[in-house]
Structure formats: structure tokens, C-alpha cells
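One structure below.
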Amino acid sequence: MRITKIPAVFCLAAATFSVFAEDTFKVCADPLNPPYSTKNRDGFENKIAELFAKELKQTVEYTWFPQRIGFVRNTLNAPINDKEVDSKNFKCDVIMGVPAGYDLTLTTIPYYQSTYVLLIAKGRGWDDITEPLQLANLPLQRQEALKIAMFDQGPGTAWLQKTGLLDQGIPYQSMSGDDENNVAMQIEKDLKAKKIDMVILWGPMAGYVTTQSPKNSYTMIPMQSSPGMKFDFAMAMGVRNGDKARKETLDKLIKANADKIEQIIKSYNIPLLPISKDTGRGDDD
């Protein structure tokens, strides 16, 4: 009996058809989470979802839910019919941005890597700061004048504690539950109102803040990772655990559209780093 080898391109086409046979690219997203996603679909994750849907000849369909505790349970893992616990029909299929190796989902290969930055409002007496460690070496009188935002979770607070600047921190919650502002929006407003002068902020959020003011309103200084203090992270897309066929298709879309994805993200003034190889779960998962 003769066995004919099927070309790889047809294998990919078959896999794509079986996984994305529907007419819609079903995305789980926060309706008020700039610069990632908004109900107006003007976040960078919205743009990448549109790009992928176009590649698959589909339209994007959203399940909106605030991105806080319970997000995955109420979106990606939630059946359309709550009474059908074992249903295979879920509200949505893809979360456009999760940390590579995220425990609650199966993750794709990373599609960007960014870093926390020290974001400083210009013209407030801190224009001489060119690297974060300068803050730790300032005269006591200048240190006491610092108004730097810190979060209940995140490496920025750990860094402030390590450098002896924790008392100069102004606390913020990572998940405020505010229906009108996400973290980046609140930081942007408080910087403008001079409640704070600087913040150690995740790159995409810092990018959002800078785009809401005239150019050169802020100094953006990347934080450098060190042993025991990591500031840069790779980001991937999340699908349901076990949904390997969908992951594989998304992996191929990420690779095929890498340049377009980078252009989209850079247009939001987000600092990008080369994607590191050691990013948790990847191609082999």
C-alpha cells in the first residue's frame, strides 16, 4: 500500500480550518484597558486581533470583562450556556496578552517583550536624572521631595524598598476596580495634576501615558533587570489549557506577522526588547 506524504502547507491549512472554522475570531478582553484594549477597539491588542482575523478571513467578536481576579474563569473558561458545564462552546477563545508561561492558560510563543521604566515628568526639578540609581544617591532634602508612585504588587515597589526610597512612595493599587479609569489612565491624570512626579511603570502603560501629552513631556528610562530583580517580561497570547491546535495556529500567525505586530506595538510608543529564549512555556508545550 502506497502512502502519500501530505505537504506541510496543507497540514497547516487543515489545522487552521478545524480550529478556526467559525466565522468569528473570539477574543476575551477588557473594555476599558488602554493601551491594550477598549470597547472602541483602539488598543494595540485590538489591532493585532483585527490583523489575525483578516488573515483567517474572519471578523473579531469580543467578550468584554474587566481584567482582574476571575477574568479567565469568566471569559476563556466560561461556557456560553452556564447550565452546560461540560460544553465545548465557550464565550471566547483567545486572550491577546498574557505573560509567557502563564499558569491559567496555555500560552503561545511570545510576540513582544517589554520592560518596566522609570517615567519622569519633565520640568519639575528632576530633569538631571538619567538613570534610576541616581535617586538613591540624592541629597536627603531632594529625596524627601520625591513623589514617586508605587504599586501593591510589582518590581517597582521592591526596587524602592531595596534602594531605601520606600518612604517616598505614593501607594496605588494594581487592580483598583475603578469603572472609569484603569491604572495607566489614573497615573496619567495624577502626573498631570502633579500628585506624583514619577513612576516605575510597565512599558505599555508608560507608552500610553506619554501619548496623552505633547512630545517630550516625559523622560522614559528603562529599568535594568538584575539577579533577584526582574523588570523585563515576554508577553504571549493565551488559549484554554489543552487547546493545542489553536495555540499552534496562533504561533504560526505570530511568526508570519512578526514585522506587522512590531509596527503596531511601536506606534503606541511602547519600549520593546528582543524576545528572550527563556520565556517559560513555548513551542514544545
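Taken over the stretch 233-265, the criterion of being out of contact with any Asp or Glu (no Cβ under 7 Å at 6 or more places or on another chain) and assigned to a strand (DSSP E or B) is satisfied by F233, A234, M235, A236, M237, G238. When the test is whether a residue is surrounded by fewer than 18 Cβ atoms within 10 Å (Cβ to Cβ) and either of a type in the set (D, E) or farther than 23 Å from P35 by Cβ (or both), I80 passes it. Selection of helices (runs of 4 or more DSSP H) fully inside the stretch 96-195 by the criterion of at least 2 residues being free of Cβ contacts under 8 Å to residues at least 12 places away in the same chain and more than 26 Å from N74 (Cβ to Cβ) returns 140-144. Please work out which residue is farthest from A193 (Cα to Cα), limiting yourself to the stretch 226-240 and to residues that are buried (at least 16 other Cβ atoms within 10 Å of the Cβ) and not charged (D, E, K, R). Residue satisfying both the conditions and the ranking: V239. A single entry from Y268, Y208 fulfils the requirement of being within 17 Å of the chain's Cα centre (by Cα), at pLDDT 95 or above and assigned to a loop (DSSP other than H, G, I, E, B): Y268.
Filtering M223, M198, M235 for residues that are closer than 22 Å to A49 by Cβ and at pLDDT 95 or above leaves a single hit, M235.
The values are calculated or read from the model by the stated rules, or taken from the named source; none is laboratory data. Predicted model, so just to flag it, every value in this text is computed and none were measured. Cβ coordinates were reconstructed from backbone atoms using ideal geometry, including for glycine residues, and neighbour counts include every protein chain displayed.
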